[in-house]
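The values are calculated or read from the model by the stated rules, or taken from the named source; none is laboratory data. Keep in mind it's a predicted model, so treat the numbers as computed, not measured. Here the Cβ positions follow ideal geometry from the backbone for every residue, glycine too, while neighbour counts run over all protein chains shown.
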Amino acid sequence: MEHQYDCIVIGAGVVGNAVARQLSACSVTIAVLEKEQDLCFGTSGRNSGVLHAGFNNKTGSKMARFCVEGNLEFDRIAEELDVPFKRTGKLIVGFSDDDKNSLRAMKAQGDANGVPGLEIVGKERIRELAPFIAGEFAMYSPMTGILNPFIYTVALAENAHKNGAAYFFACPVTDIFYQDGRYRITAGGRNFASRWIINCAGLESDKISALLGIKGHKLYPCRGEYFILDKKAGQYLGIPAYPVPNPREGGLGIHLTPTIDGNILIGPSSKYIEENDNYSVTQDIMDLLIKDGGRIFPYLKREYFIRNFAGIRPKLVGPQEGGFADFVIERRSEAPYAINLVGIESPGLTSALPIAREVVRLIREVEPLKPNPGFDPVRKGPPAFAGLTNGQRRALIQQNPDYGEIICRCENITKAEVLEAINRPLGAATVTGVKYRCRPMMGRCQGGYCQTRITELLRQEKKLAVKEVLYQRKGSNMFTGVALK
Amino acid sequence: MTAIHKEAVIVGGGPGGLAAAVKLKQQGITDIIILEREKQLGGILRQCIHDGFGLTRFGETLSGPEYAQRFIDLVEQEKIEYRTDTTVLSISPEKHLTAVSPQGLLEIDSAAVILTTGCRERTRGSVAIPGERPAGIYTAGVAQTYLNLKNIMVGKKVVILGSGDIGLIMARRFTLEGAKVEAVFELQPYPGGLARNVEQCLNDFDIPLYLSHTITDIIGGARLEAVIVSEVDEQKRVKPGTSRRIECDTLILSVGLIPENELSAGASVALDPRTGGAYVDENFMTGVEGIFAAGNALHVHDLVDFVSLEAEKLAEAAAKFIRRGKLPVCGIKLVTDKNIGHIIPQSISGTKDVTLTLRVGRPLTGGALKLQQDHQDLLSQKFIKLVPAEMIEIKLAKELIKSTSEIKVVIAHE
């Protein structure tokens, strides 16, 4: 059987889901093909969760334009999609004269890009904004914010799905050819046909480009490692604090970011690697994170560390060149019905919706897309028990006693929230999927209390055999079987 | 909603909380309630199906569930109120508790609050083991929950990092269930768990224990495929050229326990960085009047018997507090030298005989353990060998105490 669509989006990360949502506002049929078991398993779930302001990017670049646009509109988006978000502002702290020159240049670039409110501030103001952060002076960006990148990615997908987009997981695209006015796609043992393809494959987008017949794009995976600090450390930092970046590095420097849930991230490092799916953390980089992080955050203590993780940037520039290449968002003569997105690295999270509008604009250059009259841009997330007042909690438990059963004791997450994460449309099918949606296992005990409960609920709700429970990727089976009788 | 009033609320229905509840009742305190987050009373003992519990407290060897049942039966006999499925969300310094259960929110004002919340395991993240992040990495206690309570095997070819008691117990459990335990690796030059567990859980099953070793890399994109282990020197630095690869599908971590004190922080209870638990006086009262702590929430114990015995002592003091509204001031501080890992209690009144509990920070041979006040020895106990895995008790008679100056606990070498 062949599944037929007007548009097929490859990749269910933040960009793919934003594109699917944007397309779902038009009268077209849409499918999203994802190679992993769930949404958000690539770079979208492995980053600092920062809504960038847009001063890091070259004036006139797509990165600069889309980042500024994405930043300015995000209050409305966060409300529409019920995404936890806070406009915290951000400091880029400097120590030397060179740093000061770099900050001035960065401010000038930001001003030119249309970033509002940038100012160079002294020690006093740093102390006011972030009393525990070291630095002689800083650039302050009031528009920068922090958001929950998991929820944002999931929310875009849920909203796209509600407006008609179909999702297919465990469907890595292995073949594409064009025949009789349609792309024929083989993915995960299924056959699809579509008039349009939108390549939002992130770290795999160079390979999808090649399958589309577009030559010349090569990605250089560049890994960034992080430490996650306990919420106990969260009191020390209300605002992201960055060093002045080294322009050769192609990252933003090892920084400290408060997460929307009250933890602190230290990272990311920046190291080119061979494989695009090796999420190792390494001893050398851990040592570096502690050293560099401690430079701008002298209160860093070993007991605060609860986890580390790594993300991979899909970079279009290799280690020789360094720095950033602009986003590639193109429609080429080799593949006239494909919109090809390559090298969507930072600030991809901030730029996702402007990129999605650009995709629709490029399609509209070829064919008119009628609006979808039934499109509803609003997505409502389930209530999070931990953030409610006791009055709200009481009411909720009365409606649904599962809100009275704590599954994750570190973060006070209830059974109702876990069940909702599993059973919502496009719900979680793996342990990590549950974690991304409602945060159990993200606290200081790292699942010591809740993991056994989550696997049990997953098995119960998804009717999984013991051996079928997955941690995250294909092959990441949690259990080998049942015990001897 | 108005709060209900209690004389004592016990947070946690494990071997500490149950023992405290029964003792309180026996002391004539009747208006008490135990709050337990699990569906049954018993705490972590429910999953400790091996035996070896109870020799000190009951004079016979019991399995974990049997040990717990002794106390559960007493709780039932004494008609002590308890609520399972009930998680305490917060405790204020004024001893107002908010708890939640499927029945709703529960607000309690209590004369005394007793924290017997146990401990949690240190994780991969807190010890920062480098490498990939596949499935197949479990703390020993989580693997024990799966195996003993849910009948699930987490793997077939197992490497264990850390020689804490739960890791050793799990080495034996895995072997008995048909898994192959390749080896146990311990960073320290001495085992973390009790000698009897090294003997009965490793040596009896020919499972090798490598001291001064650690894991320096984890291999496997989806499920664990192998670990790289290396030898370390005295400074815990990896010795070059000592790395080797061990194929395995499971890594079990038994790298330490942390007293559970998330509620204490909200109640403004000060914590001792050496124990990870509250500072307490000889009455097991924390720095907040009327809030008491004992068991693994106070400091990690070697044997469950001592958890219950400690909680019973707490209950005796708490009963006095409830009746009188006050306990004697404990102005004499106990301080330790660098050989001592920690001591409980950290302060005493000098008006009653006390038992001090301590652990050494590293193995020590040949010396004396001394208590000194005003530069004079109050008492001196010779020892042949002391190890961090075992708790040490010293009885201090009130007659020996000369003043209200601090008492130093030191190790003197022969």
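One residue stands out among those in the range A:362-399 that are surrounded by 13 or more Cβ atoms within 10 Å (Cβ to Cβ) and basic (Lys, Arg): the one that is nearest to A:Ile344 (Cα to Cα), which is A:Arg379. Restricting the range B:243-265 to residues that are within 12 Å of another protein chain (Cβ to nearest Cβ) and assigned to a helix (DSSP H, G or I), which is nearest to B:Gly192 (Cα to Cα)? The qualifying residue nearest to B:Gly192 (Cα to Cα) is B:Glu262. Tell me yes or no: at least one residue of the range B:105-124 is within 11 Å of chain A (Cβ to nearest Cβ), buried (at least 19 other Cβ atoms within 10 Å of the Cβ), among the polar types (S, T, N, Q) and more than 13 Å from B:Val9 (Cα to Cα). Yes, there is a match, as at least one residue in the range B:105-124 is within 11 Å of chain A (Cβ to nearest Cβ), buried (at least 19 other Cβ atoms within 10 Å of the Cβ), among the polar types (S, T, N, Q) and more than 13 Å from B:Val9 (Cα to Cα).
Which fully enclosed strands (runs of 3 or more DSSP E) of the range A:255-338 have 3 or more residues being under 27 Å from A:Cys445 (Cα atoms)? Outline the logic, then answer.
Details: elements: A:255-258, A:264-267, A:305-315, A:328-332.
So the answer is A:255-258, A:264-267, A:305-315.
So that you can scan it fast, the table gives a plain yes or no per residue for (1) more than 25 Å from B:Ser90 (Cα to Cα); (2) more than 10 Å from chain B (Cβ to nearest Cβ); (3) out of contact with any Cys (no Cβ under 9 Å at 6 or more places or on another chain); (4) surrounded by fewer than 22 Cβ atoms within 10 Å (Cβ to Cβ):
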| residue | (1), (2), (3), (4) |
| --- | --- |
| A:Ile407 | no, no, no, no |
| A:Thr430 | yes, no, yes, no |
| A:Gly443 | no, no, no, no |
| A:Gly475 | yes, no, yes, yes |
| A:Gly481 | yes, no, yes, yes |
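Applying a threshold of 9 Å to beta carbon distances and a minimum spacing of six or more residues, or different chains, the list of pairs starting in the range A:360-382 at a residue that is under 14 Å from A:Ala18 (Cα atoms) and ending at one that is surrounded by 11 or more Cβ atoms within 10 Å (Cβ to Cβ) and of a type in the set (Asp, Glu) reads A:Pro377/A:Glu80; A:Val378/A:Glu79; A:Val378/A:Glu80; A:Val378/A:Asp82; A:Arg379/A:Glu80; A:Arg379/A:Asp82; A:Arg379/A:Glu158. Tell me, yes or no, whether the range A:448-456 has at least one residue that is basic (Lys, Arg) and more than 8 Å from chain B (Cβ to nearest Cβ). For the range A:448-456, residues basic (Lys, Arg) and more than 8 Å from chain B (Cβ to nearest Cβ): present. The set of residues in the range A:158-199 that are small (Gly, Ala, Ser) and touching a Pro at 6+ places or on another chain (Cβ under 9 Å) comprises A:Ala187, A:Gly188.
Against the definition (within 30 Å of A:Cys410 (Cβ to Cβ) and not small (Gly, Ala, Ser)), how does B:Leu202 come out, yes or no?
Working: within 30 Å of A:Cys410 (Cβ to Cβ): no; not small (Gly, Ala, Ser): yes.
Here the answer is no, as B:Leu202 does not meet what is asked.
Of the helices (runs of 4 or more DSSP H) lying entirely inside the range A:39-113, those containing at least 2 residues that are of a type in the set (Gly, Ala, Ser) and surrounded by fewer than 24 Cβ atoms within 10 Å (Cβ to Cβ) span A:97-113.
Hey, among the residues in the range B:145-173 that are within 10 Å of another protein chain (Cβ to nearest Cβ) and touching a residue at least 60 places away in the same chain (Cβ under 8 Å), which one's surrounded by the fewest Cβ atoms within 10 Å (Cβ to Cβ)? Break it down stepwise before answering.
Residues of the range B:145-173 that are within 10 Å of another protein chain (Cβ to nearest Cβ), as a first pass: B:145-157, B:173.
So of that shortlist, the ones also touching a residue at least 60 places away in the same chain (Cβ under 8 Å) come out as B:145, B:148-149, B:154-157, B:173.
Values: B:Thr145: 22, B:Asn148: 19, B:Leu149: 12, B:Val154: 27, B:Gly155: 26, B:Lys156: 15, B:Lys157: 18, B:Arg173: 21.
Only one residue fits best here, namely B:Leu149.
Check A:Ala233, A:Ala201 and return the single one that is crowded, with 17+ Cβ neighbours inside 10 Å, modelled with pLDDT under 95, among the small types (Gly, Ala, Ser) and touching a strand residue (DSSP E or B) at 6+ places or on another chain (Cβ under 9 Å).
Values: A:Ala201 fails: modelled with pLDDT under 95.
Among A:Ala233, A:Ala201, only A:Ala233 is crowded, with 17+ Cβ neighbours inside 10 Å, modelled with pLDDT under 95, among the small types (Gly, Ala, Ser) and touching a strand residue (DSSP E or B) at 6+ places or on another chain (Cβ under 9 Å).
Test B:Pro93 against the stated conditions and say whether it is within 7 Å of chain A (Cβ to nearest Cβ) and over 21 Å from B:Ile44 (Cα atoms). Lay out the reasoning, then the answer.
Details: within 7 Å of chain A (Cβ to nearest Cβ): no; over 21 Å from B:Ile44 (Cα atoms): yes.
Criteria not met by B:Pro93.
Output yes when any residue across the range B:63-71 is surrounded by fewer than 22 Cβ atoms within 10 Å (Cβ to Cβ) and hydrophobic (A, V, I, L, M, F, W, C), and no when none is. Give the steps one after another, and end with the answer.
Residues of the range B:63-71 that are surrounded by fewer than 22 Cβ atoms within 10 Å (Cβ to Cβ), as a first pass: B:63, B:65-66, B:69-70.
Filter once more, so that each one left must be hydrophobic (A, V, I, L, M, F, W, C): none.
No, the range B:63-71 contains no residue that is surrounded by fewer than 22 Cβ atoms within 10 Å (Cβ to Cβ) and hydrophobic (A, V, I, L, M, F, W, C).
Per the conditions (1) within 7 Å of another protein chain (Cβ to nearest Cβ); (2) touching a residue at least 40 places away in the same chain (Cβ under 8 Å); (3) over 16 Å from A:Cys408 (Cα atoms), the sole criterion not satisfied by B:Thr87 is (3).
Scanning the range A:207-236 for residues that are within 14 Å of another protein chain (Cβ to nearest Cβ), farther than 22 Å from A:Ser346 by Cβ and basic (Lys, Arg) turns up A:Lys231, A:Lys232.
Can you name the residue in the range B:356-380 that is touching a residue at least 24 places away in the same chain (Cβ under 8 Å) and loosely packed, with under 15 Cβ neighbours inside 10 Å and is also farthest from B:Asn283 (Cα to Cα) among such residues?
So the residue we want is B:Gly366.
Results for (1) buried (at least 17 other Cβ atoms within 10 Å of the Cβ); (2) at pLDDT 95 or above, shown as yes or no for each residue.
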| position | (1), (2) |
| --- | --- |
| B:Arg244 | no, yes |
| B:Cys248 | yes, yes |
| B:Gly266 | no, no |
| B:Asp272 | yes, yes |
| B:Thr286 | yes, yes |
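Looking across the range A:165-187 at every residue that is out of contact with any strand residue (DSSP E or B) (no Cβ under 6 Å at 6 or more places or on another chain) and surrounded by fewer than 17 Cβ atoms within 10 Å (Cβ to Cβ), the one that is farthest from A:Asp206 (Cα to Cα) is identified as A:Asp180.
When you go through B:Val227, B:Val181 one by one, which is the residue that is in contact with a helix residue (DSSP H, G or I) (Cβ under 7 Å, 6 or more places away or on another chain) and either assigned to a strand (DSSP E or B) or aliphatic (A, V, I, L, M) (or both)? Matching residue, one of B:Val227, B:Val181: B:Val181.
Looking only at residues in the range A:28-43 that are among the polar types (S, T, N, Q) and touching a Leu at 6+ places or on another chain (Cβ under 7 Å), which one is farthest from A:Gly475 (Cα to Cα)?
So, considering only residues that are among the polar types (S, T, N, Q) and touching a Leu at 6+ places or on another chain (Cβ under 7 Å), the one farthest from A:Gly475 (Cα to Cα) is A:Thr43.
Checking A:Ala421 against (1) closer than 28 Å to A:Leu51 by Cα; (2) not assigned by TED's automatic domain parsing to the domain that holds A:Arg444, which single condition isn't satisfied? Exception for A:Ala421: condition (2).
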